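Everything on this sheet refers to the single structure shown next.
Read-outs throughout are calculated quantities, based only on the coordinates presented, and are distinct from any laboratory measurement. This structure is a prediction, so every number in the text was calculated from the model and none was measured. Every residue, glycine as well, gets a Cβ built from its backbone with ideal geometry; the counts of neighbours run over all protein chains shown.
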Amino acid sequence: MRFQVPQFIDVEDKIFGPFTLKQAIYLAGGAMVAVGAITFFGLFFGLLLSAPIVVLALALAFYKINNRPFIHTLESAFKYFTANKLYIWKKSEMLEIKGVEDKKYSSLVVPNLSAGKLKDLNWELDVKKKDQDKV
């Protein structure tokens, strides 16, 4: 039995002509603010006051940043500016007493490898790698 796999599930449906529902709501809101401002304040001051809101409505409807709608950028910016920011940096001070290092690293043992031991280790790793490639 064959089933059809849905395709283009991330594309919104065009409801109002070439616009999606969200785009139509953003554009209608911007137009209502512009018309209300023009009727209440007159042509010059109405356009002056409603211009930023109309630009915001156009950006919300059409502008995308990194293939994501502009509303996501506004939401991230709002969260960034309203969230608490606490940056803490502690500088660990090294003890400057002779022979005494920081307690975190005093128990660290670093092996001393000579050139011969290093060649032997390299040869063993190469042999094990070749054995694994054959299997």
message = Full-extension gain between K119 and F16, please, as 0.36 nm times their residue separation minus the C-alpha to C-alpha distance.
response = 29.7 nm
task = Report the calculated FRET efficiency for S76 and I9 (r = Cβ-Cβ distance, R0 = 22 Å), to the nearest 0.05.
result = 0.40
ask   = Using r as the Cβ-Cβ distance of I38 and F62, and R0 as 22 Å, what FRET efficiency do you calculate, to the nearest 0.05?
value = 0.45
inquiry  = Through the Karplus equation 6.51 cos²θ - 1.76 cosθ + 1.60, θ set to phi - 60°, convert the phi angles of region 42-47 into ³J(HN,Hα) values in whole Hz; use x for Gly and Pro.
reply    = x, 5, 5, 5, x, 5
request  = Return the FRET efficiency for the residue pair I25, L86: r is the Cβ-Cβ distance, R0 is 35 Å, and the value is rounded to the nearest 0.05.
outcome  = 0.40
inquiry  = Tell me whether region 21-62 comes out rounded, prolate or oblate; compute the Cα gyration tensor, take square roots of the eigenvalues as a ≥ b ≥ c, and use a/c under 1.5 as the rounded threshold.
reply    = oblate
key: For region 24-34, 3J(HN,Hα) per residue [Karplus equation, 6.51 cos²θ - 1.76 cosθ + 1.60, θ = phi - 60°, Hz, x = Gly/Pro]   = 5, 5, 4, 5, 5, x, x, 5, 5, 5, 5
Residues whose placed amide H lies under 5 Å from that of T20, excluding near-sequence neighbours = I15
remark   = Ranked output for segments 32-42, 7-17 by mean other Cβ atoms within 10 Å, highest leading, reads 32-42, 7-17
